[in-house]
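Nothing in this text is a laboratory measurement; each read-out follows from the coordinates by a stated rule. It should be emphasised that the depicted structure is a prediction, and the values quoted were computed from it without experimental measurement. Cβ: placed from backbone, ideal geometry, glycine included. Neighbour counts: every protein chain shown.
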Amino acid sequence: MKKLSLLIALVLGTFLISEAQIKKAAIISIYGNKNLTDDPLETKMYQALLNDSSYSITHTIEEFETTLNEVVIPKFPFPFASKEEITGNEKYQAIKERQLSSVTSEEDSGYVAYFSNLVTASGYKAISGYGSIAKDTRIIKEVFEMFPDIDAVMTAYIDFNLVTEAGAMGLSSKKVGAYCHIAVYDRELNKLMRLRESAKSNESVMGAMGMVTDPEKLKPMVKSASENLIKDLHGGKINKKIDKMVKKMNK
């Protein structure tokens, strides 16, 4: 049976924000990482999967965007800028190139490979989540400068990894875990709210030495983990958690 883990963290300073201080917010990033590791230097471990032309998380990211707009955003007591207002800005459209140009030369191959595995919702750029790689704090600050009428921004992304269910003697049962990360920042770059939700694949496979790299085994697990995650984001439990967090933001 699928296990759900929900981690809610409210960063110091959350309770200092009032509804009156946030007149308008905006989603500035929605994306996912196709890889099954968050370490760009480990990308080659899953190269066979990443090179498989039939492997895609585009539909998952599209559903994630729809869920954010239909389930998450309506919970906030302040309006959000339209997607077109953000993604249509020329300076915003140039963000990706600056992310890649910030990569350190000695690690180019690993980090460029990392960026190549990111899948963004149409029009959006990949911001946040891996600040040491993309210098996201600087980019978020620059996004605020692009939009002087925006008081808060939201970033959202999905990633995956292998989860060990049980194991012994060099063999272990593995599932794929899917995770969504939603954060809200103010103009001072304080993280006002952070939501992390996870779900696991229905399927499991045996991995030797803790590894599963066969694309034919991994693809259905990524798919079912993604479906379970989106389903959970529509559930009543997370709606109550979001309501609680928003109320605390506005005390």
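Report note on the peptides 144-154, 171-181: ranked by the mean count of other C-beta atoms within 10 Å, highest first, their order is 171-181, 144-154.
In this structure, T66 and A166 have a Cβ-Cβ separation that, at R0 = 35 Å, corresponds to a calculated FRET efficiency of about 0.50.
Once backbone amide H atoms are built at 1.01 Å from N, K174 has E165, V205, M206, G207 as its partners under 5 Å, excluding neighbours fewer than 5 places away on the same chain. If R0 is taken as 22 Å, the Cβ-Cβ distance between R187 and E84 corresponds to a FRET efficiency of 0.50. For the range 56-98, a/c is not less than 1.5, where a ≥ b ≥ c are the root eigenvalues of the C-alpha gyration tensor, and a/b does not top b/c. That puts it in the oblate class. A simple count of charges around P220, restricted to other residues whose Cβ falls under 12 Å of its Cβ and scoring Lys, Arg +1 and Asp, Glu -1, yields 0. Taking amide hydrogens as placed 1.01 Å from N in the peptide plane, the amide H of K125 sits under 5 Å from those of I30, each at least 5 positions away in sequence or on another chain.
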